[in-house]
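The values are calculated or read from the model by the stated rules, or taken from the named source; none is laboratory data. In this text the structure is predicted, and so the values were computed from the model without any measurement. Here the Cβ positions follow ideal geometry from the backbone for every residue, glycine too, while neighbour counts run over all protein chains shown.
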């Protein structure tokens, strides 16, 4: 899977997603793009999953029309996210085009 991490997504999570291609918004130089344009760019670059900590994304964007799957981590705390690695991996495996999943961490 091609996965894109948003700004607040802890980069150490990447180490646990070894069977995937993982990039960050920062690495792609997309840090200044507003959410709609960021999701457009991610879809055009063939990313399948966008992992973010932005809990307002579902209210700001019309996600039903998106191809990219969105996974929202409900915390930016790496120690808390680390305890939910298996749940994150399951969400990635279970994701389908345009799906949305929140993970309580």
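What to note about this one:
- One residue stands out among those in the stretch 1-60 that are touching a helix residue (DSSP H, G or I) at 6+ places or on another chain (Cβ under 7 Å) and part of a helix (DSSP H, G or I): the one that is farthest from residue 99 (Cα to Cα), which is 12.
- Residues that are out of contact with any strand residue (DSSP E or B) (no Cβ under 7 Å at 6 or more places or on another chain) and loosely packed, with under 14 Cβ neighbours inside 10 Å, drawn from the stretch 41-51: 44, 45
- Qualifying residue in the stretch 70-83 (condition: in contact with a strand residue (DSSP E or B) (Cβ under 9 Å, 6 or more places away or on another chain), part of a loop (DSSP other than H, G, I, E, B) and surrounded by 18 or more Cβ atoms within 10 Å (Cβ to Cβ)): no
- Residue count for the stretch 52-67 satisfying the condition of being under 22 Å from residue 1 (Cα atoms), at pLDDT below 95 and crowded, with 16+ Cβ neighbours inside 10 Å: 4.
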